[in-house]
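The values are calculated or read from the model by the stated rules, or taken from the named source; none is laboratory data. Predicted, not measured: the structure shown is a model, and the values here were computed from it. Methodologically, a virtual Cβ is constructed for each residue, glycine included, from the backbone with ideal geometry; neighbour enumeration extends over all protein chains shown. Just the protein is used for accessible areas: all its heavy atoms, side chains included, with ligands, DNA and RNA removed. Shrake-Rupley method; radii C 1.70, N 1.55, O 1.52, S 1.80 Å.
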Amino acid sequence: AVLKGALQLIAQLYNLPTSSSPNKSMVTCNDGKVVLCQTPQQLSQLLLEHTSSSFSLHTNNNDKNSTVESQQNTLLHLLSLLQKYSVNTSNPYFFNQLYGRVDPVSLAAELVTVACNSTSFTYEVAPVFVLIEQEVMK
């Protein structure tokens with residue numbers, strides 16, 4: 001619930017569309033495996049298939065709207081591939097001595113902090129974050 005609230009806050013902050021159901025074209029890594037193992041060559045080929053001609057930051061095309069939409073779709077697909085082929089650290093069979101699964105409250109706090117694009121160095125710059133930090137340290 002906390003993570004959902006954080007995502008809704010970010011969507012409101014940046015005027016992003018919200019949806020109660022996930023995008024069906026998105027690929028998820030929650031298929032029971034810790035990782036979908038690929039060789040570096042195979043993974044590189046999968047990523048290059050979707051970027052070589054369809055994704056560019058610079059374009060000479062006069063129809064900018066269709067180009068932007070195409071690039072956004074390509075970027076979303078690349079993000080779904082990133083999720084699909086990354087290690088699923090939330091899997092119960094994943095173990096690493098340095099970190100483990102995601103804590104939803106920490107993730108929500110991180111998303112809100114990033115979305116606010118602030119810092120907590122001084123009260124003048126981020127009064128709310130400084131007060132939260134002081135409360136957490138008690």
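Scan segment 78-106 for residues that are touching a Ser or Thr at 6+ places or on another chain (Cβ under 9 Å) and polar (S, T, N, Q) and report the count.
Narrowing segment 78-106 to residues touching a Ser or Thr at 6+ places or on another chain (Cβ under 9 Å): 78, 80, 83-84, 96, 99-102.
Those left that are additionally polar (S, T, N, Q): 80, 83, 96.
The qualifying residues number 3.
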Practice item. Among the numbered conditions (1) at pLDDT 70 or above; (2) open to solvent by 70 Å² or more (accessible area, probe 1.4 Å); (3) closer than 30 Å to V130 by Cα, tell me where P40 comes up short. Key: (3)
